[in-house]
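Have a look at the structure below, then the notes.
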Amino acid sequence: HSDCCRLLFKMFSSYYKVGDPCPGLPYKGGTFHAYLPDNRNGQKTAMLLKKAFEQGLTFQIKFLNGEGRVTWGHIPHKTSLYGGKARNGYPDAQYLQDVCTVL
């Protein structure tokens, strides 16, 4: 879609730090993609998402099958251009309003 812009997040593998829930345990990072409409509201939302990322609110670490892994947090992101709301994709006319309410 030429009317969408892609956000790219690269989260590196690391270890829990002192003060974290599991100091010294490793966790795996990953590459995450999200999409926003390339319009004024999409750009405003991108700025809010950037602030949330800078405050450490975008991702969380979850243990899956005994392994720590970076995953999306509680802020909804569109991870596909297709499939509608049910598949975290577009079309979803309410998405920008919904994500801004969460932010």
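The values are calculated or read from the model by the stated rules, or taken from the named source; none is laboratory data. Source: prediction; values computed, not measured. Here Cβ is always computed from backbone atoms with ideal geometry, including for glycine, and neighbour counts include all displayed protein chains. Note: areas computed on protein heavy atoms with side chains; ligands, DNA, RNA excluded. Shrake-Rupley method; radii C 1.70, N 1.55, O 1.52, S 1.80 Å.
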Problem - Matching residues, segment 12-24, being without any contact (Cβ under 8 Å) to a residue 12 or more places away in the chain and surrounded by 12 or more Cβ atoms within 10 Å (Cβ to Cβ) - result: ASP20
Problem - Selected residue (criterion: nearest to CYS22 (Cα to Cα)) from residues of segment 38-80 that are within 11 Å of the chain's Cα centre (by Cα) and of a type in the set (Phe, Trp, Tyr) - result: PHE59
Exercise for the section: Look at segment 72-99 and say how many of its residues are surrounded by 16 or more Cβ atoms within 10 Å (Cβ to Cβ) and under 16 Å from THR31 (Cα atoms). Expected result: 4
Exercise for the section: Taking TYR27 as the residue in question, decide whether it is without any contact (Cβ under 8 Å) to a residue 60 or more places away in the chain, closer than 29 Å to ASP3 by Cα, surrounded by 13 or more Cβ atoms within 10 Å (Cβ to Cβ) and in contact with a Phe, Trp or Tyr (Cβ under 8 Å, 6 or more places away or on another chain). Expected result: no
Exercise for the section: Kindly list, by first and then second residue, each pair from a residue in segment 69-86 that is in contact (Cβ under 8 Å) with a residue 12 or more places away in the chain to a residue that is surrounded by fewer than 16 Cβ atoms within 10 Å (Cβ to Cβ) and among the β-branched types (Val, Ile, Thr), limited to pairs with Cβ atoms under 7 Å and residues at least 6 apart or on different chains. Expected result: ILE75/VAL102; PRO76/VAL102
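When you scan segment 51-70, do you find a residue that is hydrophobic (A, V, I, L, M, F, W, C) and farther than 28 Å from GLY24 by Cβ, even just one?
Looking for residues that are hydrophobic (A, V, I, L, M, F, W, C) and farther than 28 Å from GLY24 by Cβ, one finds none in segment 51-70, hence no.
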Exercise for the section: Provide a single number: the residues in segment 42-66 that are open to solvent by 60 Å² or more (accessible area, probe 1.4 Å) and either of a type outside the set (A, V, I, L, M, F, W, C) or assigned to a loop (DSSP other than H, G, I, E, B) (or both). Expected result: 10
